[in-house]
Structure formats: C-alpha cells, structure tokens
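Visitor: Submitted below is the structure of interest, expressed as structure tokens.
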Amino acid sequence: QVQLEESGGGLVQAGGSLRLSCAVSGSTHTFSINDMGWYRQAPGEPRELIAGIGTGDSRYDAPSVKGRFTISRDIDKNTLDLQMNRLKPEDTAVYSCNAEGVDLARRGYLEVWGQGTQVTVSS
C-alpha cells in the first residue's frame, strides 16, 4: 500500500507564510505516479484543486492562489511541497495531498489521498 502524509499546517496571521509537505511512503516502487496535487476544503465548501504537477512537469495553479502559492515535487525524496505566501483568511481550510497513477503490481489506476492538515489564517 501507498500512504500520503501531510505536515506543516497551523495557525498564521494574514500576510504570513506556511510551507506544507506531503511525504509518499509504503509500496512506492509499485506506484508509478503521474499527477500530484494539493486540494483544500473549507467548511461548507466543496473540495477544490489549488495546485498540481502532472506528467512532463505540467503545472496548474488555481486563480485564487496564483502568484502566492508555489508547488514543488522532489521525485527522489518522494515529497510534494506547497509554499504558501501572503496568506489570506479565505485560505483557511483543510489541505490534502493527492497522487494519481498506475499500480504496477495490479496493473490498474490508483489514487491515494492524505489525511489532510488544517491551515487557519487569522485576520
């Protein structure tokens, strides 16, 4: 099995910064990852993709975070980071890491989610 574990959440004042990290562990040698991303879900709101890295290093940033958040992936360390700058109260949410790809052992699609980490931005 493959697990994703997020870290780095917490409470920060508006205008501050946080860095989230997602560590991939477990049977990583049988998981060929195509896409990784950071999602967030605020209370009463649907979960939304805010930043992603795909095959060929293609990238996506949601308009709400573009220019403030930067996603980066270290393939050797099996980590996915999200640097969040100039945070706003509306960035308050549970942030989750996601990985999609191929389970080489079962020769099928595999999607894995982390448990999530709370980010709270005070005004």
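The values are calculated or read from the model by the stated rules, or taken from the named source; none is laboratory data. Computed from a predicted model, the values in this text were never measured in an experiment. Side chains are part of the model used for accessible areas, which takes the heavy atoms of the whole protein and leaves out ligands, DNA and RNA. Shrake-Rupley method; radii C 1.70, N 1.55, O 1.52, S 1.80 Å.
Visitor: For the chain, what is the accessible area per residue in Å², given a 1.4 Å probe and the full set of protein chains? Numbers along the way, then the final one.
Guide: On the way: 6800 Å² over 123 residues.
Solvent-accessible surface per residue comes out at 55 Å².
Visitor: Further question: Based solely on C-alpha atoms, express the radius of gyration and the Dmax of the stretch 66-123 in angstrom.
Guide: Cα-based Rg and Dmax for the stretch 66-123 come out at 14.8, 48 Å.
Visitor: Ok, one more. Where q = 0.10, 0.19, 0.21 Å⁻¹, what log10 of I(q)/I(0) comes from the Debye formula for the chain, counting one point per Cα?
Guide: Cα-only, vacuum Debye calculation for the chain: -0.30, -0.99, -1.17.
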